[in-house]
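The values are calculated or read from the model by the stated rules, or taken from the named source; none is laboratory data. Just so it is clear, the model here is predicted, and its values are computed rather than measured. Positions of Cβ are generated from backbone atoms using ideal geometry, with glycine treated the same way; all protein chains shown enter the neighbour counts. Accessible surface areas use protein heavy atoms only, side chains included; no ligands, DNA or RNA. Shrake-Rupley method; radii C 1.70, N 1.55, O 1.52, S 1.80 Å.
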Amino acid sequence: MSHVFPRNSAGLPPVGTGGAGVYLTDKHGKTYLDGSGGAAVSCLGHGDRDVIAAVKSQLDSMAYAHNSFLTSEPAEQLADMLIEHAPSGLDRVYFVSSGSEAIEASLKLARQYFLETGQPKRHKIIARRQSYHGNTLGALAVGGNEWRRAQFAPLLMDVSHIAPCYAYRDQHEGETEADFGLRIANELEAEIQRLGPDEVMCFVAEPVVGATLGAVPAANGYFRRIREICDQYGVLLILDEVMCGMGRTGTLFACDQDGVSPDICTIAKGLGAGYQPIGAMMCSGAIYDAIQNGSGFFQHGHTYLAHPTACAAGVAVLTKLTAGLVDKVTDKGAYLRKRLIERIGQHAHVGDIRGRGLFMGVEFVQNRETKACFDPALKFHSALKSAAFDEGLICYPMGGTIDGKQGDHVLLAPPFISEQTHLDELVDKLGTAFDKALRNVGL
């Protein structure tokens, strides 16, 4: 009997005993291709000797120090490296241990910024439906994942949600990509006006929506219009790159491809690549200056902020990412997309193949022409996950793609070190699992 509290009490997962490159192994000796990097975490794969050596070295010198007493060389170095590569305007880095913590810190900083600058009425938050920003109560409230939110709704603060930029479902026939992006972006302005322009604090969005929608990038021009609206009304733009950042979409910061810079940006997952739990909130110099020249104290904190060993892992990971590894992601992603289209692109139950870089999603449908979804009672995403696992493939299927109930998709986020043979194996195993899952649910 295990005393570990599992994610799902219906069945315990196998015990993992090893990891090498793009593969994981369980105690029975079965090997799995890590086709989703866990949850888009393992960008360097498993068993990277350089990152492991960096962690061991830091443990030998100073494993931990509370950052209210001491900073550390790895924290200072990692912050400098991030700012060197960050979108223009970002100037300070606040290290945490997860993406959810980074979002919580962002919301608190946004509120304190407006207090420090004499705008205490600003407290309202706008985000998007079918987004995901974390599982703590603040992050869950901001997120638009209805399935995750439902049972905790009485505990969540009030947040306004507008439409996601979801072209497959919402772009009108005959509407150009630019016109679609502009139409959806303008919902933000309408919501700001509805709530009161002097009361809105921030807008929170993922540049490429991850778990909830399945690697949905914004239409060209969407975020440039969002940036204009935020500037016009004095609203802070918070971009959540916890899942899509750190090279996952082909550039170190996903928003670089949208031509915008946020006021606050959150990162995690790929920053530690799974070797240590680490995330960060990055903010503009203007926001930091407001705190520094005001109270001088950000009223927030956690025990493991800027953990030296985690930061040492981050330095080693970021060194590899910026030494050419991210530059290869776009081409590898193009190959993965091509192989997916070849294998399942014309299947009657495949509606859309989308994404950027090595961040790809496949949306499944009952009817390709009408885009009608599978009956949620079939739990097709669960059947696919099980079938893929049987084939030796770890991937990230989810249900409720459209509204928390309807829709099924799978998210793919293989390690950046994947070679074409690994991507071929991923697609072949996914295709086999897809066919098996359809049979298992009677389709």
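For the structure I just gave you, tell me whether Leu156 is open to solvent by 40 Å² or more (accessible area, probe 1.4 Å), aliphatic (A, V, I, L, M) and touching a helix residue (DSSP H, G or I) at 6+ places or on another chain (Cβ under 9 Å). Break it down stepwise before answering.
Numbers: open to solvent by 40 Å² or more (accessible area, probe 1.4 Å): no; aliphatic (A, V, I, L, M): yes; touching a helix residue (DSSP H, G or I) at 6+ places or on another chain (Cβ under 9 Å): yes.
Taking the combined requirement at face value, the residue does not satisfy it.
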Check your understanding: If only one of Asp34, Asp48, Asp26 is under 22 Å from the mean Cα position of the chain (by Cα), within 30 Å of Glu419 (Cα to Cα), of a type in the set (Asp, Glu) and at pLDDT 95 or above, which one is it?
Key -> Asp34
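Specify which of the listed residues (Ala139, Ala110) is touching a residue at least 60 places away in the same chain (Cβ under 8 Å) and either buried (at least 21 other Cβ atoms within 10 Å of the Cβ) or of a type in the set (S, T, N, Q) (or both). Quick ask: steps written out before the conclusion?
Numbers: Ala139 fails: touching a residue at least 60 places away in the same chain (Cβ under 8 Å).
Testing whether each residue is touching a residue at least 60 places away in the same chain (Cβ under 8 Å) and either buried (at least 21 other Cβ atoms within 10 Å of the Cβ) or of a type in the set (S, T, N, Q) (or both) leaves just Ala110.
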Check your understanding: Condition test on Cys283, is it in a helix (DSSP H, G or I) and among the hydrophobic types (A, V, I, L, M, F, W, C)?
Key -> no
Study note, to complete from the structure: In the stretch 53-67, anything open to solvent by 40 Å² or more (accessible area, probe 1.4 Å) and assigned to a helix (DSSP H, G or I) is listed as Ala53, Lys56, Ser57, Leu59, Asp60, Ser61
Check your understanding: So, in the stretch 116-136, of the ones that are more than 17 Å from the chain's Cα centre (by Cα) and charged (D, E, K, R), which residue ends up most open to solvent (accessible area, probe 1.4 Å)?
Key -> Lys121
Review point. Does Tyr94 count as modelled with pLDDT of 95 or more, in a loop (DSSP other than H, G, I, E, B) and under 13 Å from Ala306 (Cα atoms)?
Key: no
Practice item. Mind listing just one residue for me: the one in the stretch 411-443 that is surrounded by fewer than 19 Cβ atoms within 10 Å (Cβ to Cβ) and in contact with an Asp or Glu (Cβ under 8 Å, 6 or more places away or on another chain) and, of those, farthest from Gly274 (Cα to Cα)? Key: Lys436
Exercise for review: Just give me the residues in the stretch 252-280 being more than 23 Å from Ser36 (Cα to Cα), in contact (Cβ under 8 Å) with a residue 40 or more places away in the chain, not in a strand (DSSP E or B) and not charged (D, E, K, R), in sequence order.
Suggested key: Val260, Ser261, Pro262
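Conditions (1) of a type in the set (A, V, I, L, M); (2) over 19 Å from the mean Cα position of the chain (by Cα), marked per residue:
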residue: Gly210; (1), (2): no, no
residue: Val216; (1), (2): yes, no
residue: Asp231; (1), (2): no, yes
residue: Leu239; (1), (2): yes, no
residue: Met243; (1), (2): yes, no
residue: Arg248; (1), (2): no, no
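Any idea which residue in the stretch 388-410 is farthest from Trp147 (Cα to Cα), counting only those that are in a loop (DSSP other than H, G, I, E, B) and open to solvent by less than 20 Å² (accessible area, probe 1.4 Å)? Outline the logic, then answer.
In the first step, residues of the stretch 388-410 are kept if they are in a loop (DSSP other than H, G, I, E, B); the result is 391-392, 395, 400-407.
From the residues that got through so far, the ones that are open to solvent by less than 20 Å² (accessible area, probe 1.4 Å) too are 392, 395, 400-401, 404, 407.
Values: Gly392: 28, Cys395: 20, Gly400: 7, Thr401: 10, Gly404: 5, Gly407: 12 Å.
Step by step, filter the stretch 388-410, then rank; the result is Gly392.
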**Study point:** The one condition in (1) within 30 Å of Gly407 (Cα to Cα); (2) surrounded by fewer than 24 Cβ atoms within 10 Å (Cβ to Cβ); (3) aromatic (Phe, Trp, Tyr) that Tyr233 fails to fulfil
**Key:** (1)
